[in-house]
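The values are calculated or read from the model by the stated rules, or taken from the named source; none is laboratory data. All values reported here derive from a predicted model rather than from experimental measurement. Cβ placement follows ideal geometry from the backbone for every residue including glycine, while neighbour counts extend to all protein chains displayed.
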Amino acid sequence: MEQDIHLLIVEDEAALRETTAERLVDHKYQVVAVASGEEAVERLSEFAFDVVLTDLRLPGIDGREVLGAAIERYPEIVGIVMTGFGTVKDAVEAIKRGAAEFITKPFQFDQLLHVLASALEQRRLRSENAYLRSQLEDRYRFEGLVGRSRQMRELFELLETVAASTSTVLVSGETGTGKELAARAIHHNSRRRTHRFVALNCSAVPETLLEAELFGHVRGAFTGAVANRAGRFEIADRGTLFLDEVGTMSVALQAKLLRVLQERELERIGDTRTIKIDVRVIAATNADLPQLVQDGLFREDLYYRLNVIPIDLPPLRERREDIPLLVRHFVNRLSQQQTPAREVTVTQEAMRRMMAYGWPGNVRQLENAIERALALGGERTQIDVGDLPPELQNSAAPEQPVAVILPDGGVDLPAYIANVERGLISQALNETDGNKQRAAQLLGLKRTTLVEKVRRLRP
């Protein structure tokens, strides 16, 4: 039997409820027993059970409604219904509502154990099959993250290692580098893959609504709160919650997020009840969080809580050797989605322009450029320079080496290069008033690379 199976019994007959609960506990199940559908729905809002065993005929909210509420909240839950009115109609209705099994009262306890074991085994097989199918369908180990450069190979190794852990992750990178793809890759390759991956862009939700979106609310908590509503943390229970652009969150809300991360529990807005949660958080940002900490705009304790495992995604300009591979990947995928599907190639000149371009929008911008080229190309089977966005058509060829005169006495090349680097870095820092993130962008570097160069080149 699976370990730590949490089972909710809903039965209004006290003797049957208590006896069944006691015997299931003896068989190592974690059991909560309630007498009404109303109490069952309340418990389901607080905890993610593995199994709900409910009588069909209950006063008030009946077993069908309990089953529906359970499956709506937790699609993977195993629903087993029991009734003393074991008609075909009852059985069909229960199965339609998602019940895995149907058992007629009175029943032998061994019969119930068999039904439970069978239903749990079916769930396990479904989960395994779903995962195996997804693995077969994925061309790449980390779907959507494409590359063979040294930076990407190192990234894939890091993601695989991180996926095996349960620690909080902070993904940094410029817009369009694939931060959500990296988060999904971690989840997909983790032990939480059979549960939900829930994404929330903190910058896309008004500050007044972000707290409710994260933690949920109860009816009447504020104007417009007409019903109880679970937040993203509850929805992601036992799965992964991806918080994009976490740097845009207000300091007040940061404090509440920190408490949830520390205590592993939350309270819905307007409620005093505490809800336990089991969620892995992956946060992402394109902002300079250390700088925001220095400026008093981001809590230092929250930063360290999120930055347990840092992952820095390289911009496309730092891995130009991946551009041809990415272009072929997007061309193949997008051209097959068109009607009719067709084989499309890219001219050398178009590829040269794409290799020379700086891609400030990174991989997302490249994908959009390919999609535009295919759309404008009609039924043609070749992408040329004229099909590319204007900024690429006007991009210059890669710069030729600057002609220099070598002194008769020769030159100390490492010292000369170091001096040039030092001058360019100094100029970039002056132009950005010392902001290392912006200076790094001017120089086409990662912030961490710039910091290391400043340290190494210091006279």
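For (1) at pLDDT 90 or above; (2) basic (Lys, Arg); (3) under 17 Å from the mean Cα position of the chain (by Cα); (4) closer than 26 Å to Ile71 by Cα, each residue gets a yes or a no:
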{"residue": "Ala117", "(1), (2), (3), (4)": "no, no, no, yes"}
{"residue": "Gln122", "(1), (2), (3), (4)": "no, no, no, yes"}
{"residue": "Arg139", "(1), (2), (3), (4)": "no, yes, no, no"}
{"residue": "Gly144", "(1), (2), (3), (4)": "no, no, yes, no"}
{"residue": "Thr168", "(1), (2), (3), (4)": "yes, no, yes, no"}
{"residue": "Arg191", "(1), (2), (3), (4)": "yes, yes, yes, yes"}
{"residue": "Ala204", "(1), (2), (3), (4)": "yes, no, yes, no"}
{"residue": "Glu207", "(1), (2), (3), (4)": "no, no, no, no"}
*From the list Val281, Val344, which residue is among the β-branched types (Val, Ile, Thr) and closer than 30 Å to Arg438 by Cβ?*
Val281
*Of these, Ile323, Ile383, which one is of a type in the set (A, V, I, L, M, F, W, C) and either out of contact with any strand residue (DSSP E or B) (no Cβ under 7 Å at 6 or more places or on another chain) or surrounded by fewer than 19 Cβ atoms within 10 Å (Cβ to Cβ) (or both)?*
Ile323
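Residue-by-condition table, conditions (1) crowded, with 18+ Cβ neighbours inside 10 Å; (2) in contact with a Phe, Trp or Tyr (Cβ under 9 Å, 6 or more places away or on another chain); (3) of a type outside the set (Gly, Ala, Ser):
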| position | (1), (2), (3) |
| --- | --- |
| Ser36 | no, no, no |
| Val41 | yes, no, yes |
| Leu53 | yes, no, yes |
| Leu56 | yes, yes, yes |
| Gly63 | yes, no, no |
| Ile77 | yes, yes, yes |
| Gly84 | no, no, no |
*asked:* I need the helices (runs of 4 or more DSSP H) fully contained in the stretch 321-393, keeping only those with at least 1 residues that are over 32 Å from the mean Cα position of the chain (by Cα).
replied: 348-356, 362-376, 390-393
*Within the stretch 209-246, track down each residue that is more than 16 Å from the chain's Cα centre (by Cα) and aromatic (Phe, Trp, Tyr).*
Phe215, Phe222
_Suppose the filter is surrounded by 20 or more Cβ atoms within 10 Å (Cβ to Cβ) and not small (Gly, Ala, Ser); does Arg268 pass it?_
yes
*Using the structure shown, decide if Leu155 is at pLDDT 95 or above, touching a Pro at 6+ places or on another chain (Cβ under 9 Å) and under 30 Å from Ala440 (Cα atoms).*
no
*asked:* Every residue in the stretch 421-440 that is under 18 Å from Gln294 (Cβ atoms) and part of a helix (DSSP H, G or I), please.
replied: Leu429, Lys436, Gln437, Arg438, Ala439, Ala440
_Selection count where residues are under 16 Å from Arg317 (Cβ atoms) and not hydroxyl-bearing (Ser, Thr, Tyr), scope the stretch 425-459_ = 13
*Could you list all residues from the stretch 426-442 that are more than 18 Å from Gly361 (Cβ to Cβ) and crowded, with 17+ Cβ neighbours inside 10 Å?*
Ala428, Leu429, Lys436, Ala439
*Residue by residue through the stretch 70-111, note down the ones that are assigned to a helix (DSSP H, G or I), of a type in the set (A, V, I, L, M), within 26 Å of Ala15 (Cα to Cα) and modelled with pLDDT under 85.*
Ala91, Ala94
*asked:* Return the residues of the stretch 18-53 that are outside any helix (DSSP H, G or I) and either within 21 Å of Arg238 (Cβ to Cβ) or in the same structural domain as Glu267 (by TED's automatic domain parsing) (or both); say none if nothing qualifies.
replied: Lys28, Tyr29, Gln30, Val31, Val32, Phe47, Ala48, Phe49, Asp50, Val51, Val52, Leu53
*asked:* Residues to consider are Pro290, Pro314, Pro310; find the one that is under 25 Å from Ala199 (Cα atoms), touching a residue at least 60 places away in the same chain (Cβ under 8 Å) and surrounded by fewer than 17 Cβ atoms within 10 Å (Cβ to Cβ).
replied: Pro310
